[in-house]
Structure formats: C-alpha cells, structure tokens
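The values are calculated or read from the model by the stated rules, or taken from the named source; none is laboratory data. Fair warning: this is a prediction, and the values are worked out from it, not measured in the lab. Note that we place each Cβ from the backbone using ideal geometry, even for glycine, and neighbour counts take in every protein chain shown.
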Amino acid sequence: MKCLICEERAKGKKEVARFGPIYWDITKAKQIAKERQNIIELPPEQVREEALSPAPREGYSVIGGFETVIDEDHLSHIPDPTEPVIVACLPPYPGGDQGDLPIVIDGHHRMVLAAREGRGVSAYFLSLDESRRCILPKLKLVAAIDRPR
Ligand SMILES: [Zn+2]
C-alpha cells in the first residue's frame, strides 16, 4: 500500500471526517455531490489563503478554520488532482457561534496541492439541507441533548 490514507480507502469502508464537533459522512457527501453537480470555483487567492495559512502544528494545515493532517506522501498518490473538492455548510452547533459556514470537508490534500501550484479549485457545493444529511446521526443526537429547547 502507498500510505495510510490509501490503505484505509482501499478497504472500501464508509469514509468519515471530523471537523469541529461534527462527524461527516464523506461517502454520502460524495454521492450527493455527484448527483447534484452544483459546482463553484474557488479562486487561487482563496485556496492559497486557506491551505497555506500557518498551522499551529507541523504537518497540519488549517482549512476552513479547522486543523487538518496533511500526509506529504499522499500528495503524490492523488489519482486526479483536479477532481472537485466538497464544500459543505457547517450548521450551528453547541459551543460554536456561527451557522451555515461553508467548509471544505473533502479534498484537503487537493487543496494543498493546488495552493502550492498557485491554482484555484473547483468545488461541489452542498446546501445546508444537503449538508445536514451528511452529518452522522450520533452527533445529531449529541447536539439535541446539548440543546434542550
Ligand atoms: Zn496515499
């Protein structure tokens, strides 16, 4: 196997990513993204700002305000670096003050590659409603408990 990320993907299991307190079902997000084909363009400046902003820890990148592990080895394993990334809307959550914040939930390595090469990226954009469908139920439950109203 090429690296840990490739190894995990080869198992074909459901892909899950955590940003802030929310666990996203990336497998479902990819499905919705491909069905909907709602593509937006992120200009090179935005990609550079997001993916190359200094992270507090080495080996990490801050994308969409969240720290992401970047595996340098995996950068050369990406089958199609121009495959659109996925942007979802982060719904309001307990302890978080903003709602509907667009964040990149899939394609952080592609973002880093594009930033280093000075390219913009295409992104599948998920509406708030579509985004909510990709949040794993366990976390919806936690949010419901935290919000008694
Ligand atoms: Zn890899």
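Can we say Glu8 is within 13 Å of Asp106 (Cβ to Cβ), acidic (Asp, Glu) and within 16 Å of the ligand (Cβ to nearest atom)? Steps first, please.
Values: within 13 Å of Asp106 (Cβ to Cβ): no; acidic (Asp, Glu): yes; within 16 Å of the ligand (Cβ to nearest atom): yes.
Criteria not met by Glu8.
Determine whether the range 85-93 contains at least one residue that is of a type outside the set (Lys, Arg) and within 16 Å of the ligand (Cβ to nearest atom).
The first filter runs over the range 85-93 and keeps only residues of a type outside the set (Lys, Arg), leaving 85-93.
When the remaining residues are screened for being within 16 Å of the ligand (Cβ to nearest atom), the result is none.
The answer is no; no qualifying residue exists.
How many residues does the range 8-17 contain that are in a helix (DSSP H, G or I) and surrounded by fewer than 12 Cβ atoms within 10 Å (Cβ to Cβ)? Show your work before the answer.
In the first step, residues of the range 8-17 are kept if they are in a helix (DSSP H, G or I); the result is 8-10.
Those left that are additionally surrounded by fewer than 12 Cβ atoms within 10 Å (Cβ to Cβ): 10.
Qualifying residue count, the range 8-17: 1.
Taking the condition of being modelled with pLDDT of 95 or more and in a strand (DSSP E or B), how many residues in the range 106-123 meet it?
Of the residues in the range 106-123, 3 are modelled with pLDDT of 95 or more and in a strand (DSSP E or B).
Restricted to the range 40-51, and to residues that are surrounded by 16 or more Cβ atoms within 10 Å (Cβ to Cβ) and of a type in the set (A, V, I, L, M, F, W, C), which residue is farthest from the ligand (Cβ to nearest atom)? First the steps, then the outcome.
Taking the range 40-51 as the starting set, the residues that turn out to be surrounded by 16 or more Cβ atoms within 10 Å (Cβ to Cβ) are 42, 47-48, 50-51.
Subsequent filtering for residues that are of a type in the set (A, V, I, L, M, F, W, C) retains 42, 47, 51.
Values: Leu42: 23, Val47: 21, Ala51: 18 Å.
That would be Leu42.
Residues being in contact with a helix residue (DSSP H, G or I) (Cβ under 9 Å, 6 or more places away or on another chain) and either among the hydrophobic types (A, V, I, L, M, F, W, C) or at pLDDT below 95 (or both): count how many of those fall in the range 26-38. Full working, then the answer.
Restricting attention to the range 26-38, the residues satisfying the condition of being in contact with a helix residue (DSSP H, G or I) (Cβ under 9 Å, 6 or more places away or on another chain) are 29, 32-33, 36, 38.
Then keep just the ones that are either among the hydrophobic types (A, V, I, L, M, F, W, C) or at pLDDT below 95 (or both); that gives 29, 32-33.
Selection size over the range 26-38: 3.
Glu35 passes all but one of (1) farther than 19 Å from Arg133 by Cα; (2) assigned to a helix (DSSP H, G or I); (3) acidic (Asp, Glu); which number fails?
(1)
Among the residues of the range 18-39, are any within 16 Å of the chain's Cα centre (by Cα), more than 15 Å from Tyr124 (Cβ to Cβ), loosely packed, with under 13 Cβ neighbours inside 10 Å and away from the ligand (no atom under 15 Å from the Cβ)?
For the range 18-39, residues within 16 Å of the chain's Cα centre (by Cα), more than 15 Å from Tyr124 (Cβ to Cβ), loosely packed, with under 13 Cβ neighbours inside 10 Å and away from the ligand (no atom under 15 Å from the Cβ): present.
If you go through the range 47-54 one residue at a time, do you hit one that is of a type in the set (Asp, Glu), at pLDDT 90 or above and either closer than 26 Å to Arg132 by Cα or in a loop (DSSP other than H, G, I, E, B) (or both)?
For the range 47-54, residues of a type in the set (Asp, Glu), at pLDDT 90 or above and either closer than 26 Å to Arg132 by Cα or in a loop (DSSP other than H, G, I, E, B) (or both): absent.
Quick grid of which residues meet (1) crowded, with 18+ Cβ neighbours inside 10 Å; (2) at pLDDT 85 or above; (3) of a type in the set (D, E, K, R):
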position	(1), (2), (3)
Gly64	yes, no, no
Val69	no, no, no
Glu72	no, yes, yes
Ser76	no, yes, no
Asp80	no, yes, yes
Pro84	yes, yes, no
Pro94	no, no, no
Val104	yes, yes, no
